[in-house]
Amino acid sequence: SGKRTPIPSSPASSSPKGLEVRFYLADTNQLEYFRDCHTTEDICVESAKRCLISPLCHNLFSLYDETNDLWYPPNHEFKITEETSLTVHYRMRFYFKNWHGTNEGQPQVWRHCISKLRGGSQNIPEGTPLLDAASLEYLFAQGQHDFQKGLAPLRSPQSEVDQHEMENECLGMAVLAITHDSMNRDIPLTTTNTNEISYKRFIPESLNRNIKQRNLLTRMRISSVFKKFLQEFKQRTVQDSNISLYDLKLKYLATLESLTWDLGSEVLEPVSLSISPDRDLCNGGYHGYYNQSQGQSKDPSPESSNDMQVQVTGTTGISWRKKPSNDAVIPKEKNKAKKKFDDKYKKEKEKAESWVVFCDFHEITHIVIKDATVTIYRQDNKRMELQLASRARARALSFVALVDGYFRLTVDAHHYLCKDVAPSSVARNTDDGCHGPICTDYAVHKLRQEGNQEGTYILRWSCTEYQFIIITVVCRELDLRESRMVTQYKNFQVEVSPSGFCLYGTETIRPTLRELLDHLAGQSLRADNIEFKLIRCCPPQPREVSNLLVVTKKQ
Amino acid sequence: TLIMSHRRFIKKKIWPAIPNPESKFQGLFTVYGGDFREWLGHTNGSLWLRPAFFSSEECPSPLEVLSELSLCSQLPT
């Protein structure tokens, strides 16, 4: 499943009218917009609903322009007229390596979990998984697309043996994808079926081209060995042993991570890069780079130089390096030159991989975009300045939206670093004092922290539905058996619709959340047999911990 | 040695090593009898997430109907 975007129904698919949003899920039709103005954020919510992605995971996704390799910031407005002809892809942009937890030696990735806050015992998991089932499904489809079409390029092999290993791995990926595909579509796993399926559609196009250049005998051998293995896999693993779609997806995505070199990282090549105020400070061992390099000679010295690269990943933050001079490819050299080459290659590779961390998302205070320049400010007043050239404004916004998005995912779910890319929902929630989709555990935890006074309440978006806001209120009730007052937390629902904010179960509707709450605050309220008032709202605090945050390091 | 390496060269040309997915599933059939989950658990470290553990969406909290007790006299004028 998920090989390609669905085939558009109109024959003029090359130049669609209006705005077309494509999905990687095979059975999901594209979204189309023909008029009006729509923000990236609104379109992403519509897309998430279509793909059944929950409000909790929806902020991992964004809109991507494949042609220009650009992402639209969440506040981008698509003004659609009769002349508009634009295709974008709905993609998972924010990615945390090892979210599946199967790569040993790499830090694990979790959503923050309440038991950790309470200082729970050792055997309680550190958090909850990052992805919901629908996001995993989508990522699997996207991963297949990227793998096959070369959007997730394979890492450079380190030797001939390694290259052979990688080819094996690619065919292994094909086995997983074909098996998943046929199980998902409920195709009976018969022998004839296996014989019809070829690995060709399921491996990277580049490898397929490479294999096509080999002689006929070799190709026939590859084909028959593959079919033989696939057959055995289907018989012994699928039929006899009940393999699950879930296991296939996870294995596929974990392998993809190790097979590609930059899954989930974005690299930007500014025309110039500078780190100020002082380069020495920058190399001062703050992130351990100085210690490794033992001096300045190896230091690429970023102070206002070109040929630089800046990389952003969910787990490491922002780093930079001098652009590696030559993309190391295995040359077709004679054997005696080989060892020499391998050594040289190794050194090159080490050098090339020496990204210098500029900062973690926690250390950023704010970001400024001015003309073609992006400046990232760190808490210690150090700043990184990037000059951009081609499509400077769009590229700047794309880049800053990335950093800003990771900031919300790892540091502060309710604030932004740069107004130029801030999603309007974040600003709106701040105005309303409303939390994102934090779960009940965190809402209750926060109310306790705030003193548990009767009438204290929290506003939060629903974790499961896009159109609901939940009010969680502290109430006191007389427990008749124990004849004392006990604290209770009551949840009430507000439905958000174009006509306004409506309190569940009542006729009360107001054009804004603020007006609805102002109205309710003036009333005595009753639920079951408890009477209470809404007295004090607890808005999100800066850098507040909740299930909206991803923990990426051992703390 | 020249002849030997020449023979190796010929053999490599006619019967080159080919990619085979099997090497990436080592032990799956021989050690784990085709049990993919067992095999995964042993090849990929201890932490293999269970599907049940994966649904991070909480159940919606029980909702209450809120009624307003207010009488006209209680409303601010």
Counting only Cα, what are the radius of gyration and maximum Cα-Cα distance Dmax of the stretch A:434-537, in Å? 13.9, 47
Check which residues have an amide H placed less than 5 Å from A:His435's amide H, if you skip close sequence neighbours. A:Leu459, A:Arg460, A:Trp461
Sorted by packing (mean other beta-carbon atoms within 10 Å per residue), highest first, where do A:43-53, A:204-214 land? A:43-53, A:204-214
Using a 10 Å cut-off around each Cβ of peptide A:163-169, what is the average number of partner chain Cβ atoms that fall inside? 4
Provide a whole-number value for the mean count of partner chain Cβ atoms within 10 Å of the Cβ atoms in peptide B:23-29. 6
What does the structure give for A:20-28 when I average, per residue, the other chain Cβ atoms found within 10 Å of the residue Cβ? 0
Compute the distance in nm between two label points, each set 7 Å from the Cα along the Cα-to-Cβ direction, one at A:Ile530 and one at B:Lys12. 7.7 nm
Rounded to the nearest 20 debye, what is the charge dipole size of the stretch A:434-537 about its Cα centre when +1 sits on each Lys and Arg Cβ and -1 on each Asp and Glu Cβ? 240 debye
Can you work out the FRET efficiency for the pair A:Cys37 and A:Lys370, with r the C-beta to C-beta distance and R0 = 25 Å, to the nearest 0.05? 0.45
Interchain or sequence-distant (5+) residues whose placed amide H lies within less than 5 Å of the amide H of A:Ser272 are A:Gln387
Using 0.36 nm per residue of separation minus the Cα-Cα distance, give me the extension gain between A:Ser424 and A:Lys79 in nm, one decimal. 122.5 nm
How about the stretch A:171-270: which chymotrypsin sites (Phe, Trp or Tyr not before Pro) there lie in a loop by DSSP and see at most 13 other Cβ atoms within 10 Å? A:Trp261
To the nearest 0.05, the calculated FRET efficiency linking A:Asp262 and A:Ala521 through their beta-carbon distance, R0 being 51 Å, is 0.50
Measure up A:Lys249/A:Lys382; A:Lys149/A:Lys251; A:Lys149/A:Lys419; A:Lys97/A:Lys322; A:Lys322/B:Lys12; A:Lys149/A:Lys382 against 31 Å on the Cα-Cα distance and list the ones that go over. A:Lys249/A:Lys382; A:Lys149/A:Lys419; A:Lys322/B:Lys12; A:Lys149/A:Lys382
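Values quoted throughout were computed directly from the atomic coordinates according to the rules given, and no laboratory measurement underlies them. The shown structure was predicted, so the numbers you read here are calculated from the model rather than taken from an experiment. Backbone-built Cβ (ideal geometry, glycine too); neighbour counts: all protein chains shown.
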